[in-house]
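In what follows, a structure is listed as structure tokens, so that the remarks can point back to it.
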Amino acid sequence: MKYALIGCGRIAANHVKAVIHNSLDFVAACDLLPEAIENLLANHGLEKDETIARYTDYKRMLSEHPEIELAAIATDSGVHAEITLYCIDKGVNVIVEKPMAMTMEDAEEVIRRSQEKGVKVSVCHQNRFNLAVKEMRKALEDGRFGRISHGSVHVRWNRGKQYYDQALWRGKWASDGGCLFNQCIHGIDLLRWMMGDEVEEIYGVTKRQFHDYLECEDIGMAVVKFKNGAVGTIEGTVNVYPRNLEETLCLFGEKGTVKIGGTSTNNIDVWNFADESEEDSKNKGLQEQTSNVYGNGHTSLYADVIDAVNSGRSPYIDAVAGRNAVEMILAIYQSAATGMPVKLPLKDVASTDFEGRFD
């Protein structure tokens, strides 16, 4: 399958590893900075591969290479939707980094237009492929938890000025959002997915405590009421001293309790069920080694999308899943700004609606 990468920054290395592992035909790479392309390719021993075309304009790239079947978008968040929609209109299947959009209007349009054009769109909520997460999901689908009482996600990380200075788009309402959009969205995706997806109401609080050089929040908390009667809590922050502490996902049911921990929901810390068997022993203390906080899921996500394109089915993590995570965060922002709970579904809300909130 012929492939192109749009955006060669911090996360792009995971995409290139997935490309190599899945034996894609790497046709072209695009970035506004030519040196970013060269550095990325060099880090994977591809700097001398002249079959990989280099571009600074993705529209020109797609025009000159109509054979491209799959494009990954790993640019700054503010242009994810714009580029995704352009690829869809060109009939190119898409893997887009999170968040898939910064507005509800754009998120809904990606879903509508991809369905209309018959193009596959998958959003990089790759932690769904973590071994620990897959085991939790299997237990949930098998009914082992019984009725769910509540669940929680905690993203307790550290990001300092050096991190934000690496890219000017970070921490801005139009191009990034705050810690909920950038760091916590994976955990928010997992929580909503595990809790049944259908949300009734969200109450959120956001603050900018320590990062006064940002436009957006560095801590966000929320309580979520799900339509099935369960309750969820969310904590996301980049204020943990002196380094990343943990990303945890907990699920509490009448017949089971599971806590997934590690730096990126990659370990099983607690695995208790009423119907426990010897097979459960493999999950007690399960640890998946990862080289960074992005985990190992990109490779599995790519394999899934390739199969989805070839077989005609929907990707495991589709555009609706991406929209649901965006909706959760925008609802938290709206609740925090108004001081009131917000009912879902959410309409006509954008990250830029909150510009100046912390000024």
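Only the coordinates and a few stated rules stand behind these numbers; no lab work does. From a predicted model like this one, the values you see are computed outputs, not experimental measurements. As a convention, Cβ positions derive from the backbone with ideal geometry for all residues, glycine included, and neighbour counts pool all protein chains shown.
Along the stretch 344-354, what does the Karplus equation 6.51 cos²θ - 1.76 cosθ + 1.60 (θ = phi - 60°) give for ³J(HN,Hα), rounded to whole Hz, x for Gly and Pro?
Result, ordered by residue: 10, x, 9, 10, 6, 10, 10, 4, 5, 4, 10 Hz.
Sort largest first and round to whole Å: the equivalent ellipsoid semi-axes of the stretch 207-257, each the square root of five times a Cα gyration tensor eigenvalue.
29, 15, 5
For the stretch 1-80, how big is the tail of P(r) above 17 Å, as a whole percent of Cα pairs?
In whole percent, the long-distance tail amounts to 37.
Mind giving me the FRET efficiency for Ala337 and Gln209? R0 is 22 Å, r the Cβ-Cβ distance, nearest 0.05 is fine.
Values: r = 17 Å, r/R0 = 0.77.
Taking R0 as 22 Å, the efficiency between Ala337 and Gln209 is 0.85.
Could you work out how far the C-alpha centroid of the stretch 212-264 sits from that of the stretch 65-97, in angstrom?
Taking the Cα centre of the stretch 65-97 as reference, the centre of the stretch 212-264 is 30 Å away.
Report the rotationally averaged projected area of the stretch 8-164 based on its alpha-carbon convex hull, in square nanometres.
On the way: hull surface 49.4 nm².
If you wrap the Cα atoms of the stretch 8-164 in a convex hull and average its projections, you get 12.4 nm².
Report the gain in length on full extension from Glu82 to Asp307: 0.36 nm times residue separation, minus Cα-Cα distance, nm rounded to one decimal.
Taking Glu82 through Asp307 to full extension adds about 78.5 nm, to one decimal.
Please find the FRET efficiency linking Glu355 to Glu278, where r is the Cβ-Cβ separation and R0 is fixed at 56 Å, and quote it to the nearest 0.05.
0.50
Calculate how many DSSP beta bridges within the chain are antiparallel, expressed in % of all such bridges and rounded to the nearest 5.
In the chain, approximately 60 percent of DSSP beta bridges are antiparallel ones.
For the chain, what ratio Rg/Rh do Cα atoms give with a Kirkwood hydrodynamic radius?
Numbers: Rg = 19.9 Å, Rh = 20.8 Å.
Taking Rg over the Kirkwood Rh, I get 0.96.
Let me know the whole percent of all Cα-Cα pairs from the stretch 266-359 that are separated by more than 24 Å.
So the portion of pairs separated by more than 24 Å is 57 percent.
Counting residues in the stretch 110-220 as N, plug N into 2.2 N^0.38 Å and put the Cα Rg over that result.
That ratio works out to 1.30.
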